[in-house]
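A quick write-up on the structure given underneath.
The values are calculated or read from the model by the stated rules, or taken from the named source; none is laboratory data. Here the structure is a predicted model, which means the values were calculated and not measured. Cβ: placed from backbone, ideal geometry, glycine included. Neighbour counts: every protein chain shown.
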Amino acid sequence: MTAQSTGPATAAGTTKRAFLELDELMVSFQTEDGVVRAVDGVSFALERGRTMAIVGESGSGKSVTSQAIMGLHSRRAAKITGHAWVDGVDIVNAPDAELRALRGTRMAMIFQDPLSSLHPFYTVGKQLVEAVQAHGEVPKAEARRRAVTMLDRVGIPNAARRVDDYPHSFSGGMRQRAMIAMALINNPALLIADEPTTALDVTVQAQILELIRELQTEYNMAIVLITHDLGVVAESADDVTVMYGGRVVERGGVDEIFSRPSMPYTWGLMSSVPDMQADRGKRLEPIPGQPPSLINLPKGCVFRPRCAYAQHVPDGRCDTERPALTPVDDGHDARCFLTLDQKRTLAVKATGTEEVA
Amino acid sequence: MTTPNLTDAGPQSASTPVGDVVLRVRGLQKYFPIQSSFLRRTIGHVKAVENIDLDVHAGETVGLVGESGCGKSTTGRTMLRLLDPTGGTIEIDGRDVTNLSMRQMVPVRRSAQMIFQDPYSSLNPRHTIGKIISSPWEVQGVNPEGGVKKSVQELMARVGLNPEHYNRFPAEFSGGQRQRIGIARALALRPKLIVCDEPVSALDVSIQAQVLNLLEDLQNEFNLAYVFIAHDLSVVRHIADRIAVMYLGRVMEITDSDSLYRSPRHPYTKALLSAIPLPHPSMRGQRERIVLTGDLPSPSNPPSGCVFRTRCWKAQDRCATEIPPLAEISPGTSVACHFPEPAKDPVSFTPPQG
Ligand SMILES: Nc1ncnc2c1ncn2[C@@H]1O[C@H](COP(=O)(O)OP(=O)(O)OP(=O)(O)O)[C@@H](O)[C@H]1O
Ligand SMILES: Nc1ncnc2c1ncn2[C@@H]1O[C@H](COP(=O)(O)OP(=O)(O)O)[C@@H](O)[C@H]1O
Ligand code: SF4
Ligand code: SF4
Ligand SMILES: [Mg+2]
Ligand SMILES: [Mg+2]
């Protein structure tokens, strides 16, 4: 592993930081209509070799968070505070040159739309070769050899021949693989995957997720997996962060979150998806209403306007006070005023999850 | 074109007839010409839909599933004559509409409507919601009882929109609300059948559940029939009474939803279902996934015999030479395969364990 190419681990300080650590990250945008607080104090930690899933409805701040980790926001358009430490470097305050060096070597990103990172006018091979050469003195022949190996690795048939094809001649699934090859060709330690399989058929999705897991083991990558598909989360994540209105509303280990979801928004997400194991006729229980505007957040609990459980909290607290993220269990936190007891009993009713002792 | 006898029972595949047949297609084909860039000569055809037989009854939902490009949307659009069929016959509400002109189709559209995936592009951005929802009446020259505005507002209320937003424009609505507008428009003429092409695919799960519940309620209220196209197999299982699985323009299997998921009989169905992620982390590693090797063949040059044979792990010599017909192999279940999977006993079924 090529470790400290990123300069002295300046701010490593005295406390041991996780490989990826977000600390009260805030991102806001000034728009015509007002200030959009897209990410409002998000914190989490992720070590290498592990996968953190971020789930939540569209507009909850998932992509803005991941772009901040990659240092992709323009400093003019976005106001960013807090910290996003990647291997000891604070992305929020790092100079652009350092960010560029980090991207593509220590961290890489894959998107929902592969064409957004593959250029239509260049062959897949040329783009891979450039990605290799951008980060070190590698002879062309050697870079090309690595390109073919990587394409082969991600399961492109006839890689040695297809390396000279243009992206448009690849099928959707092959483009997704080519983009993964591009992201991984420099063995990054951190991979951010923003809805990597949302546009794909289940058959291709299964292959891509398996591929990502294999490569994760091989390179000991930390992965941030953004998805709205709870099945994908159940299958691939170690930890889960649920976002709503730019905040973390629940987080914990994947088993905890699925067996003991602890606040009404998470319950709502779970009871909205048809359960393949349940009786077919069972009616879905959607979350009523729509996500809030991030310009005018509701007073009190941000989820209050859609929450069916606020009457269980005394004194109308949900209407006036913002709940803090508080522990439910070891490493499991939720942002909700309900008591621990209520969180447990109401969850069983809301989602049909049986508590696993 | 030869017109087969439509009153003939035909290869009826599924024995859950709920009500009258509102849509009947036989031998439906849709080919798109491939033109050379030079001289625009036709040099081949994309065989998007090949020989589809289907009956849809009042009050039932038939799901169409299959991988991207397998011909679901083309089937849906051709059945409603939004595309001209290359072959076969289409009967809507008892009337053969295969060869009707677009003008003759106008009254037929009262009984058969369509809603689309993209709630953004399917609504004219310059028209108010009131105008959009009432447009089918205008086209049909219908004067709804109680006046246009009142009727539109009733429809808006019925699909969960605020009737006061009658004069707003599509841009002022969220994705889920726009899909409700599309549903209200489709309902305006009180159709018997709605073809829904990926109606919830662009929506968040919470909003998706709202729209699915709405579709179910409307079905019960108006005895609507749906053809429901989607690639999300858990959504289709939830909403459909029967499901047709498509591959390369053909139906590989059609059966009731419970049987399909419990005991898939066609190898392709089995492979498709095995790719669905299991819904709980405790089930990790319990899935026996069947990995399909190779790419989807081109629909302009499909394999001989069984079109699935290039990716089928059960393929034998016979599969390359003989097209397997879609044949009823048990009551209500039809499969196009020479060597279908054995049926699983419904009683002994438990979710996959290790
Ligand atoms: N207007 C057209 N001209 C030429 N080919 C077309 C046309 N419309 C569709 N096709 C082709 O017909 C086949 C079936 O397409 P169709 O859109 O029906 O697939 P689908 O099953 O709806 O896929 P998806 O899940 O991606 O929506 C594809 O090969 C497609 O490329
Ligand atoms: N460049 C930008 N300028 C203004 N608002 C933005 C910008 N990027 C994102 N937003 C807003 O931030 C919020 C969160 O967006 P995003 O992170 O993309 O959500 P998602 O969770 O769907 O990925 C949304 O309200 C979005 O409209
Ligand atoms: S704090 Fe109150 S409004 Fe917010 S999620 Fe909990 S019960 Fe609902
Ligand atoms: S007919 Fe043959 S190739 Fe086709 S699905 Fe059946 S076994 Fe496979
Ligand atoms: Mg996003
Ligand atoms: Mg389609």
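Selection of first residues in the range B:72-92 that are within 8 Å of B:Leu28 (Cα to Cα) and of second residues that are in a helix (DSSP H, G or I), restricted to Cβ pairs under 7 Å at least 6 apart or on distinct chains, gives the following pairs, ordered by first then second residue: B:Pro85/B:Thr78; B:Ile90/B:Met79.
Working carefully through the options B:Asp53, B:Asp84, find the one that is assigned to a loop (DSSP other than H, G, I, E, B) and away from chain A (no Cβ under 14 Å). Checking each option against the conditions leaves just B:Asp84.
For the range A:164-173, indicate whether the set of residues that are modelled with pLDDT of 90 or more and either within 14 Å of another protein chain (Cβ to nearest Cβ) or part of a helix (DSSP H, G or I) (or both) is non-empty. Within the range A:164-173, one or more residues are modelled with pLDDT of 90 or more and either within 14 Å of another protein chain (Cβ to nearest Cβ) or part of a helix (DSSP H, G or I) (or both). Just to check your reading of the model, which residue among B:Pro277, B:Pro299 is away from ligand 4 (no atom under 16 Å from the Cβ) and under 22 Å from the mean Cα position of the chain (by Cα)? Testing whether each residue is away from ligand 4 (no atom under 16 Å from the Cβ) and under 22 Å from the mean Cα position of the chain (by Cα) leaves just B:Pro299. Say we look at the range A:207-228 and pick out the residues that are in contact with an Asp or Glu (Cβ under 9 Å, 6 or more places away or on another chain) and either among the hydroxyl-bearing types (Ser, Thr, Tyr) or under 17 Å from A:Trp267 (Cα atoms) (or both); which of these is surrounded by the most Cβ atoms within 10 Å (Cβ to Cβ)? Applying the filter and picking the extreme gives A:Thr227. Counting residues in the range B:259-267 that are on the phi < 0 side of the Ramachandran plot, modelled with pLDDT under 95, within 14 Å of another protein chain (Cβ to nearest Cβ) and surrounded by fewer than 20 Cβ atoms within 10 Å (Cβ to Cβ) gives one or more.
Return a yes/no flag: does the range B:339-352 have any residue that is modelled with pLDDT of 95 or more and on the phi > 0 side of the Ramachandran plot. Checked the range B:339-352: no residue is modelled with pLDDT of 95 or more and on the phi > 0 side of the Ramachandran plot. Evaluation of B:Ile183 against the conditions (1) within 14 Å of chain A (Cβ to nearest Cβ); (2) away from ligand 6 (no atom under 16 Å from the Cβ); (3) crowded, with 22+ Cβ neighbours inside 10 Å; (4) among the hydrophobic types (A, V, I, L, M, F, W, C) shows that the sole unmet condition is (1). Within the range A:98-113, one or more residues are surrounded by fewer than 22 Cβ atoms within 10 Å (Cβ to Cβ) and within 16 Å of ligand 1 (Cβ to nearest atom).
Could you list, ordered by first residue, the pairs with Cβ atoms under 8 Å in which the first is in the range B:329-342 and closer than 17 Å to B:Asp256 by Cβ and among the acidic types (Asp, Glu) and the second is away from ligand 3 (no atom under 16 Å from the Cβ) and part of a loop (DSSP other than H, G, I, E, B), at least 6 apart or interchain? Going by the 8 Å Cβ cut-off, the qualifying pairs are B:Glu341/B:Ser263; B:Glu341/B:Pro264; B:Glu341/B:Arg265; B:Glu341/B:His266.
In the range A:273-292, is there at least one residue being within 7 Å of chain B (Cβ to nearest Cβ), within 16 Å of ligand 2 (Cβ to nearest atom) and either in contact with a Leu (Cβ under 6 Å, 6 or more places away or on another chain) or not charged (D, E, K, R) (or both)? Within the range A:273-292, one or more residues are within 7 Å of chain B (Cβ to nearest Cβ), within 16 Å of ligand 2 (Cβ to nearest atom) and either in contact with a Leu (Cβ under 6 Å, 6 or more places away or on another chain) or not charged (D, E, K, R) (or both).
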